[in-house]
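The values are calculated or read from the model by the stated rules, or taken from the named source; none is laboratory data. Note that this is a predicted model, so its numbers are computed, not measured. Note that we place each Cβ from the backbone using ideal geometry, even for glycine, and neighbour counts take in every protein chain shown.
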Amino acid sequence: MEALPDNIKAMSSLAIIVLNWNNAKDTIECLESLTSWRTIKPDIYVVDNASSDHSPEEIELRFPRITIIKNKKNLGFAGGNNIAIKKAIENRANYILLLNNDAEVKEADVSRLLATLHSRPDIAAIGPRIRTGSAVFAGGCDIGLHRDTHVRWHPCMGLDGIKKVEYVPGTAFLIRSAAVEEVGLLDEDYFFSGEIADLCRRIYDAGRTCYIDLGTEAIHMVHGPSRTRDLLHTYYSSRNRFLYVKKHYRGQRFELYGRWIKYSLRDLMSSAINGNMGLSKAIMLALCDGVSGRFGDRNDWFIA
């Protein structure tokens, strides 16, 4: 795919949204990369989800010209991004890139992704392949049907061309503003994990498509283990499958609920046998909340 022509760049404004939560270091490194771009000059929005470590002030000091949105409470991935998405659309951005603060994508790769969207009106959202350590992923598959939803890149896929996927990872997710206006914002009931898969499913239901451009790449930094982060990820990813099934598989709801209940109980037993009581409690809470339909923010259970 050719690079985006200058005349298209001029009339196709890009907004980049970076979410921050108690992690000024990664956010600042991400912004340093974005502000070094030479040709594409995006509007950058940093959304701070009620950090308690003074990171918004650090970021604002380093980047006084960047728009920083300071939430009074943690709105999660979905709610935090939605605030900036609405502002970007109000400011007439044609395209919106959601980018993890611990990810890096090159200007040339974003230019190529924009060119693909420009040349393919049927594509609503697109992203690069994601490199995390030694692993490379090329999109994701349906979270209501599959336990391991990451599609691993294989040499037979090549490093060029585009590949249709069931969802584009939220690590680096480029979408048309018009698509957001058509299918709606991220569903805030997910809070964290699953909301991008849900949005992509709604894109397909509206007759549009989602792709990965195998010729582009984003680097997702690998950090050391964090007990709180691991518990949050376990809880939300397990619980939110029930929400996804409830929304998109009404006819198969009881069958799929049974499948995810079985997996949850198996994981619960395994973690209990291994003496990991924190993980056991996270899985149990996810199972109870998922089946009973309690969604949204549950961070208070994990964070003192």
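Cβ-Cβ distances below 6 Å connect no pair with a first residue in region 21-46 that is outside the structural domain of residue 86 (by TED's automatic domain parsing), a second residue that is surrounded by fewer than 14 Cβ atoms within 10 Å (Cβ to Cβ) and not aromatic (Phe, Trp, Tyr), and a separation of six or more residues or different chains.
Number of residues in region 46-87 that are more than 17 Å from the chain's Cα centre (by Cα) and outside any strand (DSSP E or B) equals 20.
For every residue, the table says whether it meets (1) among the basic types (Lys, Arg); (2) assigned to a helix (DSSP H, G or I); (3) in contact (Cβ under 8 Å) with a residue 24 or more places away in the chain.
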site: 251; (1), (2), (3): no, yes, no
site: 261; (1), (2), (3): no, yes, yes
site: 266; (1), (2), (3): yes, yes, no
site: 271; (1), (2), (3): no, yes, no
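Residues considered: 290, 207. Of these, the only one that is at pLDDT 95 or above and within 21 Å of the chain's Cα centre (by Cα) is 290. For region 241-257, name all the residues that are more than 19 Å from residue 203 (Cα to Cα) and buried (at least 19 other Cβ atoms within 10 Å of the Cβ). Once the filter is applied, which keeps residues that are more than 19 Å from residue 203 (Cα to Cα) and buried (at least 19 other Cβ atoms within 10 Å of the Cβ), region 241-257 yields 242, 256.
Among the residues of region 114-125, are any in contact (Cβ under 8 Å) with a residue 60 or more places away in the chain, buried (at least 16 other Cβ atoms within 10 Å of the Cβ) and closer than 23 Å to residue 77 by Cα? The answer is yes; a qualifying residue exists.
For region 164-181, which positions are surrounded by fewer than 24 Cβ atoms within 10 Å (Cβ to Cβ) and either in contact with a strand residue (DSSP E or B) (Cβ under 8 Å, 6 or more places away or on another chain) or small (Gly, Ala, Ser) (or both)? 164, 165, 166, 171, 176, 177, 178, 179, 180, listed by residue number. Screening residue 93 with (1) touching a strand residue (DSSP E or B) at 6+ places or on another chain (Cβ under 8 Å); (2) outside any loop (DSSP other than H, G, I, E, B) gives one miss only, at (2).
Quick check: is even one residue across region 193-214 assigned to a loop (DSSP other than H, G, I, E, B), among the aromatic types (Phe, Trp, Tyr) and either assigned by TED's automatic domain parsing to the domain that holds residue 118 or on the phi > 0 side of the Ramachandran plot (or both)? The answer is no; no qualifying residue exists.
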